[in-house]
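Take a look at the structure set out below.
The values are calculated or read from the model by the stated rules, or taken from the named source; none is laboratory data. Predicted, not measured: the structure shown is a model, and the values here were computed from it. Every residue, glycine among them, receives a Cβ derived from its backbone with ideal geometry; neighbour counts consider all protein chains shown. Accessible surface areas use protein heavy atoms only, side chains included; no ligands, DNA or RNA. Shrake-Rupley method; radii C 1.70, N 1.55, O 1.52, S 1.80 Å.
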Amino acid sequence: MIPEWKLAEEALKNIKVIGHNNNQPVTILGFAEDLTCVGIGTDAAVFRFDKTPNYVFKVYSGKALKKKEVEKDVYERLKQCCYFPQLYGTGPNYIILSFEQGVTLYDCLLQGIPIPEQVIQDVEEAREFVRSQGLNPRDIHLKNVILQNGRGKVIDVSEYIKEGNDPGLRK
Ligand SMILES: Nc1ncnc2c1ncn2[C@@H]1O[C@H](COP(=O)(O)OP(=O)(O)O)[C@@H](O)[C@H]1O
Ligand SMILES: [Mg+2]
C-alpha cells in the first residue's frame, strides 16, 4: 500500500533548500501552493502539505544532506519514546515526521507564553532516554523543544550520534 504522505512528493519537487555558513538559517527557493513552511533551521526547512496535515517534511539543504540518513537512524532508535516525533519514512532530500502542534520554547519567550515546569522535566526524561539508547542528547535548545498541551516534545535529533557538548547556544 502506498503511504499517505507520498501525496506530497510532487509538491516537494518544487522546493529547494539552500544552506549557508556560520549557522545562518536556510533559504527556501521555489513554491508550491499546498505546502506551508512551519519552521526553519540551519540544516533544513520543515513543511506541511495541505492534504496530509498530520505529517511534516523536513527538507535538508544540499550541504546538510548527509544529516538526513543520520537523523533517520537516530529517530529509529528513539521510536518507543513519546518525547520525540514519529518517523514515517524518507524521500530523496527529506524525512517524514509526525506534525507536532505547539510552539517552540523560543517562541514562548518571544510571545510571553509561560513554560510549565513539567516541560523541563519532560526534556530531562527525554535526555535520559537518549542516553539509555547509547546516544548523546546534544543540540537541545529553545528552538528544538515544542510546548504541546503543557508537555514537552524534543525535535531535531541529528547530533545525538556526536560526542561531547554543544559549543553553546548557536541558533
Ligand atoms: N515534527 C515537527 N512538527 C512541527 N514543527 C516542526 C517539526 N520539526 C521541526 N519543526 C519546526 O521546524 C523548525 C526547524 O526544524 P529542525 O528540525 O530544528 O531543523 P534544523 O535541523 O535545521 O535545526 C523547528 O524549530 C520547528 O519550529
Ligand atoms: Mg533545529
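Observations on the structure shown:
- Looking across GLY89, GLY112, one residue alone is open to solvent by less than 70 Å² (accessible area, probe 1.4 Å) and under 20 Å from PRO53 (Cβ atoms). It is GLY89.
Condition check ((1) closer than 27 Å to LYS67 by Cα; (2) assigned by TED's automatic domain parsing to the domain that holds TYR75; (3) not hydrophobic (A, V, I, L, M, F, W, C)) across all residues:
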position	(1), (2), (3)
LEU110	no, no, no
PRO114	no, no, yes
GLU117	no, no, yes
GLU125	yes, no, yes
PHE129	yes, no, no
ASN136	yes, no, yes
HIS141	yes, no, yes
VAL145	yes, no, no
ASN149	no, no, yes
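- Of the residues examined, GLY91 is not one that is within 25 Å of VAL26 (Cβ to Cβ), at pLDDT below 95 and of a type outside the set (A, V, I, L, M).
- When the test is whether a residue is modelled with pLDDT of 95 or more, within 12 Å of ligand 1 (Cβ to nearest atom) and outside any helix (DSSP H, G or I), ILE115 does not pass it.
- The set of residues in region 1-48 that are within 16 Å of ligand 2 (Cβ to nearest atom) and open to solvent by 50 Å² or more (accessible area, probe 1.4 Å) comprises HIS20, ASN22, ASN23, GLN24, PRO25, THR27, ILE28, CYS37, VAL38, ILE40.
- Taking the conditions (1) surrounded by fewer than 18 Cβ atoms within 10 Å (Cβ to Cβ); (2) at pLDDT 95 or above in turn, VAL130 satisfies each one other than (1).
- Residue in region 38-50 that is over 16 Å from ASN144 (Cα atoms), out of contact with any Cys (no Cβ under 9 Å at 6 or more places or on another chain) and either aromatic (Phe, Trp, Tyr) or not assigned by TED's automatic domain parsing to the domain that holds ASP156 (or both) present: yes
A quick yes/no check of all residues on (1) exposed (fewer than 14 other Cβ atoms within 10 Å of the Cβ); (2) in a loop (DSSP other than H, G, I, E, B); (3) more than 16 Å from ligand 2 (Cβ to nearest atom):
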| site | (1), (2), (3) |
| --- | --- |
| VAL59 | no, no, no |
| LYS67 | no, no, no |
| GLN80 | yes, yes, yes |
| CYS108 | no, no, no |
| GLU124 | yes, no, yes |
| ARG138 | no, yes, no |
| ASP156 | no, yes, no |
| TYR160 | no, no, no |
